[in-house]
Structures are given as structure tokens and as C-alpha cells.
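Peer 1: Right, I'll just put the structure down here and ask away after.
The values are calculated or read from the model by the stated rules, or taken from the named source; none is laboratory data. What you are looking at is a predicted structure, and each value in this text was computed from that prediction instead of being measured. FYI the Cβ positions are ideal-geometry reconstructions off the backbone, even for glycines, and counts take in every protein chain you see.
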Amino acid sequence: ADATTIIDGEAVAADVRADVTAHVEELEAAGVTPGLATVLMSDDPASETYVSMKQRDCEEVGIESVHVEIDADAPAAELYETIDELNERDDVHGILVQLPVPDHVDKRSVLRRIAPEKDVDGFHPENVGRLVAGDARFKPCTPHGVQKLLAAYGVETEGADAVVVGRSDIVGKPMANLLIQKDPVGNATTTVCHSRTEDLEARVGGADIVIAAAGIPEFIDGSMLKPGAAVIDVGINRVDAETEKGYELVGDVEYESAKEVAGAITPVPGGVGPMTRAMLLYNTVKAAGLRHDVDVEL
Ligand code: NDP
């Protein structure tokens, strides 16, 4: 069989960061320092890690970062007030509330509270609506990153049969919405699968492009794939392993068998993950550009 292309998310993310850095310099020349606020209301170590990675990423490209921590058992009003203050601040162009928020806080109210112009996650209903309508302001970072990977490796989406496994608001749904847009990295005939889908094997087996985002360790293997398919593995799953930390990260795809059949495939880690982080930086400079009328387009 032909050699499988390993899609290098670290490399493409580095290119995105270089573009972002150039945009930061343009903004600086116009007297604007882009700023991202991260808000953490959780004791979850994974969430803490994600937030600190985002802050480090900002620093690397010259984005100013502001961080607010709220006690996980504080009243929801405290989070709302924090968002209101950040909405008002001129030095904050993007606001990211790390999800999940505690159970006593209504996630939808939180997402609606963020000014749509600062909603760099792209989860505010106005931004969701704009994306669906083909007039996206901020594309959600993970599906946008996947789109960039497909484009970077010349994976033809137009006319392709794409299967998205997962229908979450942060990955599956926006991914499918991007793939069906009249756009050079859209125009795919797109099927969305979820936990009630019957005969997932047949759907996946017919796909030219498989986007796996179900959060189930290695549940798609090579035998399910159409030979030559492009396989984008969004899953990040912890499984017990004899490593220092006692676990390792695996995707939703069984990499070893899948790479024998796929035409192109993303590894985990090193595939979609770095792209998600890079697209957040991009959305932040885009927000600053929109605010100050400096053209920022990748
Ligand atoms: P969710 O748990 O919110 O959604 C999972 C989706 O998969 C649901 O729509 C669910 O269906 C569907 N699903 C569950 N079981 C099956 C099944 N047996 N067959 C088909 N579909 C199924 O997860 P997220 O979308 O937030 O994340 C998905 C994965 O991606 C996780 O591993 C997460 O860690 C990872 N992730 C990675 C990111 C990255 O940067 N690489 C960023 C974000 C997430 P139903 O709706 O019916 O319940």
C-alpha cells in the first residue's frame, strides 16, 4: 500500500503561531496589545492544566493574558460579575471561561453573558448562529483547527463523504457545520453520528474523511476504515498504563491498525490538540483586530 501521511499537528500549529505573532506585531504597530482573559471556576486538575497552557501560549506570541480564579463553590453571581467586568475592559479582547463550570452554575447563562465580540471560544449563541449561517466571526477552536489541518495537507473536502462521530456543542456540531459550508474547506457531504446511531461501522466505512470525537478510547480501528481515508482523531482519553503518571493519552482511533489503512491520519498527542491551542490565539488576535479595525485574516 502507499505510505500513509502522518498529519503533524505540531508543525501546522507552529505555522499558525508564526502567523499570529506577525499579526500581534501589526497590532502593536497600531498601538494595540491583544489581551486574553481566562477564567477558571473549578478544582479540576485537567482544567487547571488547560488554563495554564493557554496562558503560556499567549506569552509565547505576545498576547497579554489576564487570569481570574473563582472558588468552585462561590455563588454563580461571582462568575457573572467577573464576566461583566472583563466585558468592559479595553485591554481584554478575548474572554475564555474554562469549561466545565460547577453544577450550580448554568453553563448557557455563562456563555450568553460573554460579549459576543470577545467570545473567542465561539460558543455564544450569536456566534453559533453566525457560523451556521455561513458568516462566522469566531470559529470554535477545535473544529477550526481540524479544518486547518485538512487544508494544510491538501485533503479534498469538496464532494467528499465526511463522517463526524460525536455531536457535542464544542466539537461535533460545529465541525459538521463547517464541513457543510459553501467554502473551499467545506462542501463535504456530511454525516453526523452519535450514541444513537445504528451501524456506525457502515457509516465510518463509507467515509473519505472521518472525524472522531466521541471520547471513547481507540474504538475506531483500521478494519472499519475505507482504504485511503483521511482520519482526524480529536479524542483525548486517559487510559491506565505503566508510565510515570500511571496513565497515557490515546485517541478515539486505534492508531496502529488505522494507519495501515488510512491515507492520512493524525496522531494523539500531536495532532488536533496543538491546533486547538493555536486557534485560540488566532481568535484572540482576530478579536483585537475587529475591535480596532486592523485586518487580521489567516
Ligand atoms: P462529549 O462527551 O461532549 O461528546 C461525545 C459525543 O460522542 C456525543 O455526541 C456522544 O453522543 C457521542 N458518542 C458517545 N458514544 C458514542 C458511540 N458509541 N458511538 C458514536 N458516538 C458516540 O465530548 P467532546 O465533544 O467534548 O469531546 C470528544 C473527545 O474529544 C473527548 O475525548 C475530548 O477529550 C476530546 N477533545 C479534544 C480536544 C482537542 O483539542 N483535541 C478538544 C475538545 C475535546 P450523544 O450526544 O448521543 O451522547
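Peer 1: Which of (1) away from the ligand (no atom under 11 Å from the Cβ); (2) in a loop (DSSP other than H, G, I, E, B) does Ser223 not meet, given it meets every other one?
Peer 2: Against the list (1) away from the ligand (no atom under 11 Å from the Cβ); (2) in a loop (DSSP other than H, G, I, E, B), Ser223 comes up short only on (2).
Peer 1: Scan the range 136-157 for residues that are closer than 21 Å to Ile95 by Cβ and either surrounded by fewer than 17 Cβ atoms within 10 Å (Cβ to Cβ) or not aromatic (Phe, Trp, Tyr) (or both) and report the count.
Peer 2: Qualifying residue count for the region: 9.
Peer 1: Consider Ile236 carefully, then state whether it is within 14 Å of the ligand (Cβ to nearest atom) and in the same structural domain as Val146 (by TED's automatic domain parsing).
Peer 2: In short, yes.
Peer 1: Would you mind telling me which numbered condition in (1) in contact (Cβ under 8 Å) with a residue 24 or more places away in the chain; (2) more than 30 Å from Gly206 (Cα to Cα) Arg108 fails?
Peer 2: (1)
Peer 1: If you don't mind, another one. What's the number of the only condition in (1) closer than 30 Å to Val101 by Cα; (2) surrounded by 15 or more Cβ atoms within 10 Å (Cβ to Cβ); (3) polar (S, T, N, Q) that Ser195 fails to meet?
Peer 2: It fails just one condition, (2).
Peer 1: A follow-up question, please. I'd like the full set of residues that are crowded, with 20+ Cβ neighbours inside 10 Å, among the polar types (S, T, N, Q) and more than 16 Å from the ligand (Cβ to nearest atom), limited to the range 257-298.
Peer 2: Residue satisfying the conditions is Thr284 alone.
Peer 1: For the range 205-220, give me the residue count where each residue is more than 9 Å from the ligand (Cβ to nearest atom), surrounded by fewer than 24 Cβ atoms within 10 Å (Cβ to Cβ) and in contact (Cβ under 8 Å) with a residue 40 or more places away in the chain.
Peer 2: 2
Peer 1: Mind counting the residues in the range 204-232 that are charged (D, E, K, R) and over 24 Å from the mean Cα position of the chain (by Cα)?
Peer 2: 1
Peer 1: Can you give me the number of residues within the range 154-182 that are within 19 Å of the chain's Cα centre (by Cα) and either assigned to a loop (DSSP other than H, G, I, E, B) or touching a residue at least 60 places away in the same chain (Cβ under 8 Å) (or both)?
Peer 2: Residues flagged as within 19 Å of the chain's Cα centre (by Cα) and either assigned to a loop (DSSP other than H, G, I, E, B) or touching a residue at least 60 places away in the same chain (Cβ under 8 Å) (or both) within the range 154-182 amount to 11.
Peer 1: Of the numbered conditions (1) closer than 12 Å to Ile232 by Cβ; (2) within 11 Å of the ligand (Cβ to nearest atom); (3) of a type in the set (S, T, N, Q), Gln147 fails exactly one; give the number of that condition.
Peer 2: Answer for Gln147: the failing condition is (2).
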